[in-house]
Amino acid sequence: MTEPILTVDGLCVDYVVGAGRFRALDDVSFTIEPGRVLGIVGETGCGKSTLAHAIPRLLPEPPARVRKGRVVFQGTDLLPLPRGRLPSIRGTGIGMIFQEPLNSLNPSFRVFEQLAEAVRVRRLRESVPGARGAPVEPGPFDYTRRPLESPAEALSRPIRPGGPVGEALARPAPVSREVRDEVLEYLRLVRINDPETILRLYPHELSGGMRQRIMIAMALSEKPALLIADEPTSALDVTIQAQVLTLMKELIEEVRASILFISHDLGVIAETADDLGVMYAGHLVEVGPVAEVFDRPRHPYTRALLRAAPSRYKSDGPLDTIPGSVPNLSHLPAGCTFHPRCPIARPVCAVDPGPPLAARAPSPGTGRVHASACHFPEEVSGR
Amino acid sequence: MAFTAPPPPAAPLIDHRPGARRSGPLEPLWTFGRVLVTNPLSFAGFVVVLLMAGAAVTVQLDPRLLVPYGPTQFTGAYHQAPSLAHPFGTDELGFDTYSNVLLALPTDLGIGFAIAGVALLVGGTLGLIAGFWDRPRTVGGAVSVSLLRLTDIFLSFPSLVLALAITESLGRGVDQAILAILATWWPYYVRLVRGEVLAVKHQPYITAARAAGVGEVRILFRHVLRNILDPIIVYFTLDVGTVLVTFSTIAFVAKPIVYPGSTPEWGSMIYFYQDYASLYPWLILFPGLAVFVAVFAFSLLGDGLRDVLDPRSRRAFVRAPTVAPPPPPVPFAGAPSLEPTPPEAT
């Protein structure tokens, strides 16, 4: 079995607001292997975005607080790292695409400057291996393969200071032909017509779909080993969503990076992901290969979620709903958090939170883990 | 609903006509020119500021080009009303008011820029630091809190009274007055810049920059600073005028500058001539007018700058109305009228 690129182990994140403590993530564990796409679904407020921000440690602290857990990226646990070393992990190590393309581009910079900064960050790190924090392995995504450096080149290279101050002091290289060409290349990669014109525009002059494409180009231009897409389409209207999703699907084929794809849209996940994780009230309740989870769900929440999704083939009556409402994250029910709404709940569910996902061995058939936090996973698929 | 004619195509978002949008290093200048042309008041402010700056530089280099008399040169005429020979009149010592008002120009403008500029540099830097690194229970948070308490102490005094007290204790002189105003001026910039940093640093695009692997120092000086620069430049421009008024007030009350003397100053002129206000009003009218024009010109320029610097308001100039507004919807001929027919009078 290959070494996973990201291992999240027992991650707990609280939001401390005044006297209240909200358990946004509770004991979340999963792994992403190189080149696989893990989709995370769940309803609003279940902690999907908190998870996406917690991995590269982008959560605002306070109010957020990582209580315990490990986030091991390429063999390094990110949580105990000093803050000064985080920038060397972000971008080239873990890239992100955000939910709000409208606000995620700096309004004062032209498209070119936004993209050129990402390209320059990557080039700086490629040219100075190990100068800033941990050496960052280039991701499996290698769109333009760089020739290896010869010893003579390495010796003639100027030595630059490291650390955040060094990066701030390093003069931005003059707008070289290479950076410009590379920026244009990435704009074409995300299917932008007439990139020469788009380069000169400010974000407010672009449509939402265009801005999200720029965001995607920015993330890809750093060639991250792991890409986190946090609901990249939810702020867009339906037709643009379709375009961006088509683009994402094509890019996933093209770049073959490891991706954590977060969405509340089951259809999107079914088309893009290899593995699927289902979240409920801060817990990861089920993980497995996407087809298996869809065909044979092993957690009652997954089954209820799948039944509640609208399908164009099913028009017999109203959609199924899940009885009850989402629990308050500051007063979670004891035991399994889903048991008050669960149709197959038994007395043990109100006491015992269920087996931890990490304890499950890979299923003998596929070699891949299909784990469920339910006490009675066999009963779920049986019905 | 009535049938309507299809709407005409919308105006294009970006005007691609030749000359409509120039790019390259000179683009800010083109935008600036376009803003000035469309906004006559800013244009007037810009011209007046330019004229004053030009006059100040000229007076500083060679006063004889613009100024007919020296600051304490006897003209031979007492209490002359404004005339061609003495445009702003003369005083009871026989000095030319016009010459003195012009000779005060470099002093007053220089003081305005110097005080506002140093306050901007000192207060702005402290404000950036206090706003960006304010996480509680860290070194940055402690520095931030202590800075803010320090500004609170300064801001809890009425600034003019504090400046007067410092001037009095430091003694007479332009430098002392400048120091006194500076001491009361920088906390405003700490507050202003810190507030702007706080508003910007939680924006999603800052998180996005962080996610792209940009370092914290670079985020502060490139991403945050660039986005708060516009309101600060505008505030600075307006503030030069405020400093001018404050300095004139201090000159009027605390008399740090001896008038008549080698360096005339508008506030001290007004102080010196105040007793003659009813008899010879031109003696205080023209120095007062000079203060007014300078302050007004700077605030007009500040407004114009705001339009230039904000790319979102710049759009108004990029998207020139090329297409006429759509005509009002024409009801389909066969559609029944929705208006109730008035009952006929019988």
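The values are calculated or read from the model by the stated rules, or taken from the named source; none is laboratory data. Note that the coordinates shown come from a computational prediction; the quantities given were computed from them, not determined experimentally. FYI the Cβ positions are ideal-geometry reconstructions off the backbone, even for glycines, and counts take in every protein chain you see. Surface accessibility is based on the protein's heavy atoms, side chains included, excluding ligands, DNA and RNA. Shrake-Rupley method; radii C 1.70, N 1.55, O 1.52, S 1.80 Å.
Could you compute the FRET efficiency for residue B:229 and residue B:293, with r as their C-beta to C-beta distance and R0 at 35 Å, rounded to 0.05?
For residue B:229 and residue B:293, the calculated efficiency is 0.80.
Which of rounded, prolate, oblate describes segment A:1-108, given a ≥ b ≥ c as roots of the alpha-carbon gyration tensor eigenvalues and a/c under 1.5 marking rounded, otherwise prolate only if a/b is larger than b/c?
It comes out rounded by the Cα gyration axes.
Give me the inter-chain shielding for A:77-90: mean count of other chain Cβ atoms within 10 Å, whole number please.
Average per residue, whole number: 2.
Within the set of other residues whose C-beta is less than 14 Å from the C-beta of residue B:184, count the net charge using Lys and Arg as +1 and Asp and Glu as -1. Don't skip to the end; give the middle numbers.
Details: positive: B:191; negative: B:152, B:168, B:239.
It works out to a net charge of -2.
Determine the sum of side-chain charges near residue A:77: Lys and Arg each +1, Asp and Glu each -1, restricted to other residues whose C-beta is under 13 angstrom from that of residue A:77.
Combined, the nearby Lys, Arg, Asp and Glu give +3.
Take the Cβ-Cβ distance between residue A:85 and residue B:57 as r, set R0 to 41 Å, and report the resulting FRET efficiency rounded to the nearest 0.05.
0.20
How much of residue A:196 can a 1.4 Å solvent probe reach, expressed as accessible area in Å² and rounded to 10?
Surface accessible to solvent at residue A:196 totals approximately 80 Å².
Just want to confirm a number: the relative contact order over segment A:256-297, from Cα pairs under 8 angstrom separated by 6+ residues, in percent. Provide the component values of the computation, followed by the final result.
Values: 31 pairs, mean separation 11.2, N = 42.
Once normalised by length, the contact order is 27 percent.
For the cross-link pairs A:223/A:249; A:68/A:249; A:48/A:68, which exceed 23 Å when the distance is taken from alpha carbon to alpha carbon? Present the calculation step by step, with values, prior to reporting the outcome.
Values: A:223/A:249 17 Å; A:68/A:249 34 Å; A:48/A:68 18 Å.
Long pairs (Cα-Cα over 23 Å): A:68/A:249.
Between the alpha-carbon centers of segment A:238-260 and segment B:57-71, tell me the distance in whole angstrom.
Segment A:238-260 and segment B:57-71 have Cα centres spaced 70 Å from each other.
Checking the a/c ratio against 1.5 first, then a/b against b/c, what shape does the Cα gyration tensor give for segment A:176-254?
oblate
Gap in Å between the Cα centre of segment A:13-49 and the Cα centre of segment B:266-309?
Distance between centres, Cα-based: 62 Å.
Sequence gap at least 6, Cα distance under 8 Å: using those rules, report the relative contact order of segment B:132-209 to the nearest whole percent.
It comes to 30 percent, rounded to a whole number.
For Cα pairs less than 8 Å apart in space and 6+ apart in sequence, what is the mean separation divided by the residue count of segment B:22-124, i.e. the relative contact order in percent?
20
I'd like the FRET efficiency for residue B:155 and residue A:19, computed as 1/(1 + (r/R0)^6) with the beta carbon distance as r and R0 of 30 Å, rounded to 0.05.
Step by step, r from the Cβ atoms, then E = 0.40.
Heads up, I need the accessible area for residue B:223: 1.4 angstrom probe, whole protein in place, Å², nearest 10.
Surface accessible to solvent at residue B:223 totals approximately 10 Å².
Using a 1.4 Å probe on the protein heavy atoms only, what accessible surface does residue B:186 show? Give it in Å² to the nearest 10.
Estimated to the nearest 10 Å², residue B:186 gives 40 Å².
Please compute the average number of Cβ atoms from other chains found within 10 Å of each residue's Cβ in peptide A:106-114. Mind dumping the intermediate values first?
Details: counts 12, 7, 14, 7, 2, 0, 0, 2, 4.
Going residue by residue through A:106-114 and averaging, the value is 5.
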